[in-house]
Amino acid sequence: MTKKLVVGNMKMNLTLDEVKDYISKMQDYKDCVICPSYLYLPYFIDADFLVGAQNLSLYEKGAYTGEVSAIQASSIGVDYAIIGHSERRLFIHEDDLIVNAKVKRALSSKLKVILCVGETREEKNLGITKDKIEKQLLDDLVDIPKEDISDVLIAYEPIWAIGTGEVPLNEEIHDIVSFIKKTVKKEFHYTPKVLYGGSTNEKNIEELNTIDNVDGFLVGGACLVPDKFIKIIETVK
Ligand code: PGA
């Protein structure tokens, strides 16, 4: 089995002093991908971490004040891009058309994509989790060059589990991850790697790590504290 991937999504957290302190404490644990605020990417790159952007512009270049393009991110050594995170879908109103455009930009700049999909609590209660996820996958990956699909990882992130301390049962995660793999395989003849994200922490990682079809974890809150994140990295490797 190939190595599992641990990705830290720092969201809009940490000041420069905190980032410097974080980097010094993580020197022996570069076996992960860090997705800090754009401002701090060069610090992590200079310290030899694999890094990901938390977002990208859907445009190629030009007069888009405040935006950062996939080409620019790639040019400074960014390896991955998180695209379609539920916080951007919800707060910034990114729809599947926008997410699809961003996926294409990322892939054309040779960035690996971490495409986030997942259901709300309401959708889960209505029993339409798979419908929602299938729609997101098909819409977000429409017209992706077939040969680029191996650069796309999917992160299954139930929205109700993000930052809440609630986690689905292992069987539920297994079922959805297998559904995601089958759905992408049917369309692209390729089985993608699938990460789990949503309240992964240093306490539940041992249990989550026993799910045999999960290829890694996208960690939010717990990646901000080196001791907690190190426990996760150590457990998964
Ligand atoms: P969380 O966030 O680990 O804090 O729940 C995960 C994410 O949003 O990617």
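Per residue, how many Å² of accessible area does segment 5-236 show with a 1.4 Å probe? Don't jump to the answer; show the numbers that get you there.
Numbers: 10880 Å² over 232 residues.
With the other protein chains kept in place, segment 5-236 gives 47 Å² per residue.
Using the basic label-point model (7 angstrom from Cα toward the beta carbon), what is the Val225 to Val68 distance in nanometres?
Each label point lies 7 Å from its Cα, and together they span 2.7 nm.
Tabulate in residue order the Karplus-calculated ³J(HN,Hα) for segment 27-41, using 6.51 cos²θ - 1.76 cosθ + 1.60 with θ = phi - 60°, rounded to whole Hz; enter x for Gly and Pro.
Residue by residue, segment 27-41 yields 3, 8, 10, 8, 7, 7, 10, 9, 10, x, 4, 3, 3, 9, 3 Hz.
List the residues whose amide H sits under 5 Å from the amide H of Val33, counting only those 5 or more places along or on another chain, with H placed 1.01 Å from N in the peptide plane.
Counting only residues 5 or more places away or on other chains, the set is Val6, Val7, Gly8.
Can you work out ³J(HN,Hα) from phi for every residue in segment 159-174, in order, using Karplus 6.51 cos²θ - 1.76 cosθ + 1.60 and θ = phi - 60°, giving whole Hz and x for Gly and Pro?
After applying 6.51 cos²θ - 1.76 cosθ + 1.60, I find 4, 6, 9, 6, x, 9, x, 9, 10, x, 5, 3, 5, 5, 4, 4 Hz.
Report, by chain and number, residues whose modeled amide H sits under 5 Å from the one on Asn13, excluding near sequence neighbours (fewer than 5 apart, same chain).
Close amide H contacts, sequence-distant or interchain: Ser37.
I want the local charge near Ser75. Using Cβ-Cβ distances under 12 Å, sum +1 for each Lys or Arg and -1 for each Asp or Glu among the other residues. If you can, show how the numbers build up before the last one.
Values: positive: Lys61, Lys110; negative: none.
Value of the local net charge: +2.
What net charge do the residues around Arg121 carry, taking every other residue with its C-beta under 14 Å from that of Arg121, with Lys and Arg at +1 and Asp and Glu at -1?
Combined, the nearby Lys, Arg, Asp and Glu give -4.
Report relative contact order for the chain in percent, whole number only (criteria: Cα-Cα under 8 Å, sequence separation at least 6).
Numbers: 425 pairs, mean separation 48.2, N = 237.
Contact order relative to length: 20 percent.
Just to confirm the filter: which chymotrypsin sites (Phe, Trp or Tyr not before Pro) across segment 33-65 are DSSP coil and have at most 15 other Cβ within 10 angstrom of their Cβ?
Within segment 33-65, the qualifying chymotrypsin sites (Phe, Trp or Tyr not before Pro) (loop, at most 15 other Cβ atoms within 10 Å) are Tyr59, Tyr64.
Given a cut-off of under 8 Å on Cα pairs at least six residues apart, what relative contact order in percent is computed for segment 51-168?
25 percent.
Over the chain, one equal point on each Cα, no solvent: what is log10 I(q)/I(0) by the Debye formula at q = 0.16 Å⁻¹?
Each listed q corresponds, in turn, to -1.16.
The values are calculated or read from the model by the stated rules, or taken from the named source; none is laboratory data. These numbers come from a predicted model, not from an experiment. Positions of Cβ are backbone-derived with ideal geometry, glycine not excepted, and every protein chain shown enters the neighbour counts. Keep in mind that these areas ignore ligands, DNA and RNA; they rest on the heavy atoms of the full protein, side chains included. Shrake-Rupley method; radii C 1.70, N 1.55, O 1.52, S 1.80 Å.
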